[in-house]
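To start, the structure under review is shown below, and the notes come after it.
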Amino acid sequence: MHLKNKVAIVTGAASGFGEATSKLFAQHGAKVVAVDYDLDKLQAVVKEINDQGGEAIAIKADVSSAKDVEGFVNEAVTKFGKLDIIFNNAGIFIPGTAEEVTEEQWDKVINIDLKSVFLGTKYALPHLKKTKGVILNTASAGGIIGFPQAVAYGASKGGVISLTKAVAVDYAKDGIRANAICPGTGETGLTKEVLEDDNMRNGFLAPIPLKKFAQPDDVAKAALYLASDMASYVTGVALPVDGGWTMS
Ligand SMILES: NC(=O)c1ccc[n+]([C@@H]2O[C@H](COP(=O)([O-])OP(=O)(O)OC[C@H]3O[C@@H](n4cnc5c(N)ncnc54)[C@H](O)[C@@H]3O)[C@@H](O)[C@H]2O)c1
């Protein structure tokens, strides 16, 4: 049990990496505040956690709305009395080059993938200062290397990495650690359609040295490590969980 009695917010908890992380955190003793805007799927995840002896609550929220983010952080603290971990993980992908992506699409990706991380961090910090807590953000391999057809997504994820480092530096004095996880191509809701096409699937697989896609549990295990005391001296890193893609 690496997170016994810890209170953890996980966003994007209805699917993919967030769902797997919520379940693993709960198995390790955390009380999980699961956040997503897909309430039906979220409630199914929370029910599974509670049925298996864990403790979780579901909150429907849009992570790009300051009012919603302030709301779920406050609700977490009201319900469980403190906050130890926030995993800013929810995100979307809209493909396109700089010529193709519209201003509206640009704003949507930046708001959901980058502004959300700022908001989650901002509203969690006063509570994390009291617990010497942990901030975890989901960036992407696409925030480290140039990724085709991903001008807005790559910009948002590069921003998440820089934001994480800035926060790690500013709040180290408070005993707060902030780290980012950079998954490579994963088999989740985000990539389902793309990976159903054989050509696309082979194209995405080709540059990955381990020759397999990231599974939700691969990211959940990295999140557990960074969120726990096992990573007590680790802050400001952007950890690739990508089968070796970004080193090759
Ligand atoms: N799957 C990949 O290949 C991959 C690779 C690198 C990074 N990522 C990142 O991993 C994170 C998790 O994505 P995933 O792959 O598990 O995808 P997913 O689609 O399976 O899960 C994302 C979840 O976020 C939720 N969400 C989206 N926008 C939201 C909003 N505005 N408010 C609240 N909830 C919202 C969705 O409803 C969904 O449940 C994202 O930040 C994504 O960019 C994914």
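Among the residues of the range 8-18, the one identified as touching a Lys or Arg at 6+ places or on another chain (Cβ under 8 Å), touching a residue at least 60 places away in the same chain (Cβ under 8 Å) and either of a type outside the set (Ser, Thr, Tyr) or surrounded by 23 or more Cβ atoms within 10 Å (Cβ to Cβ) (or both) is Ala8. Residues of the range 225-248 that are aromatic (Phe, Trp, Tyr) and not in a helix (DSSP H, G or I): Tyr233 alone. Trp106 satisfies every condition listed in (1) hydrophobic (A, V, I, L, M, F, W, C); (2) away from the ligand (no atom under 12 Å from the Cβ); (3) in contact with an Asp or Glu (Cβ under 7 Å, 6 or more places away or on another chain) except (3). Of the residues making up the range 199-212, none is among the basic types (Lys, Arg), loosely packed, with under 14 Cβ neighbours inside 10 Å and without any contact (Cβ under 8 Å) to a residue 12 or more places away in the chain. Consider the range 115-133 and keep the residues that are surrounded by 19 or more Cβ atoms within 10 Å (Cβ to Cβ) and among the β-branched types (Val, Ile, Thr). The one that is farthest from Val234 (Cα to Cα) is Val117. Pairing each residue of the range 158-169 that is touching a residue at least 12 places away in the same chain (Cβ under 8 Å) with any residue that is surrounded by fewer than 17 Cβ atoms within 10 Å (Cβ to Cβ) and not β-branched (Val, Ile, Thr), provided the two are 6+ apart or on different chains, yields C-beta distances under 6 Å for Lys165/Gly236; Ala168/Gly236.
Apart from one condition, Asp68 fits all of (1) near the ligand (Cβ under 10 Å from one of its atoms); (2) over 23 Å from Val219 (Cα atoms); (3) not in a helix (DSSP H, G or I); the exception is (3). Criterion first (out of contact with any Leu (no Cβ under 7 Å at 6 or more places or on another chain), surrounded by fewer than 24 Cβ atoms within 10 Å (Cβ to Cβ), closer than 13 Å to Ala8 by Cβ and not acidic (Asp, Glu)) does Gly81 satisfy it? It is false that Gly81 is out of contact with any Leu (no Cβ under 7 Å at 6 or more places or on another chain), surrounded by fewer than 24 Cβ atoms within 10 Å (Cβ to Cβ), closer than 13 Å to Ala8 by Cβ and not acidic (Asp, Glu). Residue count for the range 71-97 under the criterion of being at negative phi and assigned to a strand (DSSP E or B): the result is 4.
Among the residues of the range 77-100, is any under 15 Å from Gly120 (Cα atoms), within 10 Å of the ligand (Cβ to nearest atom) and of a type in the set (D, E, K, R)? Looking through the range 77-100, none of the residues is under 15 Å from Gly120 (Cα atoms), within 10 Å of the ligand (Cβ to nearest atom) and of a type in the set (D, E, K, R).
Every number here is computed from the coordinates shown, using simple stated rules; none is lab data. Computed from a predicted structure; not experimentally measured. Glycine also receives a Cβ, built like all others from the backbone with ideal geometry; neighbour counts cover every protein chain displayed.
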